[in-house]
């Protein structure tokens, strides 16, 4: 081997080794400082169970709970059918299985599956942002199917937002949307400056529910009220005392859980579709707390006084969260 080539290979080896060493050091530093950077969050946070599907190509989007069972929805890196994971806990251990979602035409549902919520021990609502609708699955099908089985929806209905996330509380279905100017637009009618002077570009629209109604709807898909919410909203939940928590995130920036006191919020009216409904501004005047979380927090669910959050950074799509605490579902006291 020529001397010049040997030297070149030696230099390449040194450079490559140095880069690997720097990456290892950076990872160690990130792992070490994560608890410090998010100390306020982790001071009341509790590790609940391993993140479902984190090594299956599943990209986690939504979370809900029914009778102590947690359901998580999302899409697949390989473009196969979107899934719902079912996580059951007993004796301190958690086990997860999954079902594959079909669309109303019997074909695999390949959408984003950005959020889900359970209602009345009968229905599971899944957000279909591509079609601005809610796919409705029978909860017995979700909980009773064998792992890997396909399940079909029992129906669907259109909504008045981009259906990025949803939440059920007090016989009300909340359906919200994610806005980012560069790549996730919303209806211009949803763009407004709030009384606090905040620029909002998204709505959460509410629908009345009834266990005896078709697909759980009390009055078809007529809206009953709306909330003006901040940009980059990924999920929301409602606490027992009526506070509303909105989860925001995008890419590697910090996630935020904004906690609002609805009783302090200004209100007006807004036309949603053909119906004029009350409008509540979840803006800085109603904000009571900003909980800062690690990147890529998605949906939330409120259970027994705690807020459970699910993120996507530990998925096979983003990977880096596998090295951090994001490889678990966590909960905190709001």
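The values are calculated or read from the model by the stated rules, or taken from the named source; none is laboratory data. These numbers were taken from a predicted model, which means no experiment stands behind them. Counting neighbours? That spans all protein chains shown, and the Cβs are built from the backbone with ideal geometry, glycine included.
Quick notes on this one:
- Any hit, region 209-222, residues being within 18 Å of the chain's Cα centre (by Cα), surrounded by fewer than 23 Cβ atoms within 10 Å (Cβ to Cβ) and modelled with pLDDT of 95 or more: no
- Applying the set (1) touching a residue at least 12 places away in the same chain (Cβ under 8 Å); (2) surrounded by fewer than 23 Cβ atoms within 10 Å (Cβ to Cβ); (3) over 14 Å from the mean Cα position of the chain (by Cα) to residue 227 leaves exactly one unmet item: (2).
- Residue check for residue 264: more than 27 Å from residue 334 (Cα to Cα) and over 20 Å from the mean Cα position of the chain (by Cα): no
So that you can scan it fast, the table gives a plain yes or no per residue for (1) under 21 Å from residue 277 (Cα atoms); (2) in contact with a strand residue (DSSP E or B) (Cβ under 9 Å, 6 or more places away or on another chain):
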| residue | (1), (2) |
| --- | --- |
| 166 | yes, yes |
| 172 | yes, yes |
| 176 | yes, yes |
| 179 | no, yes |
| 190 | yes, yes |
| 194 | yes, yes |
| 197 | no, no |
| 205 | yes, yes |
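- All conditions in (1) out of contact with any helix residue (DSSP H, G or I) (no Cβ under 9 Å at 6 or more places or on another chain); (2) in a loop (DSSP other than H, G, I, E, B) hold for residue 252, with the sole exception of (1).
- Matching option when the condition is in contact with a helix residue (DSSP H, G or I) (Cβ under 6 Å, 6 or more places away or on another chain), in the same structural domain as residue 56 (by TED's automatic domain parsing), in a strand (DSSP E or B) and touching a residue at least 24 places away in the same chain (Cβ under 8 Å), among 124, 168: 124
- Residue check for residue 159: at negative phi and more than 16 Å from the chain's Cα centre (by Cα): yes
- Filter result for residue 233 (under 16 Å from residue 127 (Cβ atoms) and in contact with a strand residue (DSSP E or B) (Cβ under 8 Å, 6 or more places away or on another chain)): yes
- Selected residue (only one of 246, 288 is surrounded by 15 or more Cβ atoms within 10 Å (Cβ to Cβ) and assigned to a strand (DSSP E or B)): 246
- Some residue of region 273-284 being without any contact (Cβ under 8 Å) to a residue 40 or more places away in the chain, in contact with a strand residue (DSSP E or B) (Cβ under 6 Å, 6 or more places away or on another chain) and surrounded by fewer than 17 Cβ atoms within 10 Å (Cβ to Cβ): yes
- Within region 291-315, considering residues that are touching a residue at least 60 places away in the same chain (Cβ under 8 Å) and assigned to a loop (DSSP other than H, G, I, E, B), the one surrounded by the most Cβ atoms within 10 Å (Cβ to Cβ): 315
- Residue within region 204-215 that is closer than 13 Å to residue 248 by Cβ and part of a loop (DSSP other than H, G, I, E, B) present: no
- Boolean, residue 318 is surrounded by 15 or more Cβ atoms within 10 Å (Cβ to Cβ) and outside any loop (DSSP other than H, G, I, E, B): no
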